[in-house]
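Please read the structure below before turning to the comments.
Every number here is computed from the coordinates shown, using simple stated rules; none is lab data. Keep in mind the model is a prediction, meaning the values are calculated, not measured. No Cβ is skipped: glycine too gets one built from the backbone with ideal geometry, and neighbour counts run over all protein chains shown.
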Amino acid sequence: MKIISTNISKIKTILHRGKEIKTGIFKAPTCDEVIIEKMNIIGDEQADRIHHGGEHKAVYAFSFNHYDYWKDILENNSLSSGMFGENFTISDLCEETINIGDQLRVGTALLEVSQPRVPCFKLGIALGNENVLKLFTQHYCTGVYFRVLEPGVAKTGDIVTVERKTTHDISVKKLFQAYFDRKYVGCEQILEQALLLDQLAPEWKEKLRKRLAIKN
């Protein structure tokens with residue numbers, strides 16, 4: 001794996017359905033080395049600190065390999081790195097093989113997989129397509145949120161390596177699909193297993209508790 005693009009943004013105010021909205025989703029590539037700290041990347045701003053950024057969403061990465069798929073689905077060949085709101089566009093980042101709790105070395109920083117991404121309406125704004133939220137959720141390849149175990153620096157072109165692989169098989173994609181696809185085989189058992197993972201973000205643990213309580 002390799003960093004294809006490093007993307008950050010300042011908060012912007014936009015007009016959406018007659019209302020002013022502040023957002024940091026409009027990431028733009030930077031050639032500069034970025035500093036990765038415990039809560040975020042220096043110079044990258046989040047307008048809604050309740051739902052974005054913080055310890056368990058400090059860094060967001062999306063696979064470069066997904067872009068061709070979305071160019072075709074959205075009929076938009078102008079899609080470029082950062083347009084899904086990711087800090088790092090990484091080649092061969094695969095949600096199907098990356099597990100909750102896996103530790104990746106990104107530049108000099110050590111990151112730990114904390115949760116899948118659940119898209120909000122701002123993704124639809126960024127991509128100019130309100131249907132993308134449904135399409136994104138049904139595709140199950142959400143990108144990866146990380147917490148920062150060891151702060152460091154990273155830049156475009158840096159190699160990304162898996163330094164520690166978990167022993168369980170709860171991948172980012174499996175967890176997301178088990179939660180959103182009620183027909184997914186073994187979904188309840190997957191959610192029960194995921195709930196036991198120390199590395200899973202508290203936000204997702206609460207989602208799973210609520211879902212399992214409804215089932216039981």
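Within segment 117-147, restricting attention to residues that are outside any helix (DSSP H, G or I) and small (Gly, Ala, Ser), the residue that is farthest from Ile25 (Cα to Cα) is Gly143.
When Glu86 is tested against the conditions (1) within 13 Å of the chain's Cα centre (by Cα); (2) more than 26 Å from Thr137 (Cβ to Cβ), the lone failure is (2). Among the residues of segment 194-204, some residue qualifies, meaning at least one is surrounded by fewer than 19 Cβ atoms within 10 Å (Cβ to Cβ), over 25 Å from Phe64 (Cα atoms), more than 15 Å from the chain's Cα centre (by Cα) and free of Cβ contacts under 8 Å to residues at least 24 places away in the same chain. Within segment 2-42, if we keep just the residues that are of a type in the set (D, E, K, R) and in a loop (DSSP other than H, G, I, E, B), the residue that is surrounded by the fewest Cβ atoms within 10 Å (Cβ to Cβ) turns out to be Arg17. Just a yes or no: is a residue in segment 53-76 more than 20 Å from Trp204 (Cβ to Cβ), in contact (Cβ under 8 Å) with a residue 60 or more places away in the chain and among the acidic types (Asp, Glu)? No, that holds for no residue.
When each of Glu55, Glu75, Glu20 is tested for being within 17 Å of Phe136 (Cβ to Cβ), of a type outside the set (A, V, I, L, M) and out of contact with any Leu (no Cβ under 8 Å at 6 or more places or on another chain), the lone residue that passes is Glu75. Within segment 170-212, the set of residues being closer than 18 Å to Gly101 by Cβ, part of a loop (DSSP other than H, G, I, E, B) and of a type in the set (Asp, Glu) comprises just one member, Asp198.
When Val153, Val162, Val172 are screened for being touching a residue at least 24 places away in the same chain (Cβ under 8 Å), buried (at least 18 other Cβ atoms within 10 Å of the Cβ) and either in contact with a strand residue (DSSP E or B) (Cβ under 6 Å, 6 or more places away or on another chain) or within 30 Å of Cys31 (Cα to Cα) (or both), only Val172 passes.
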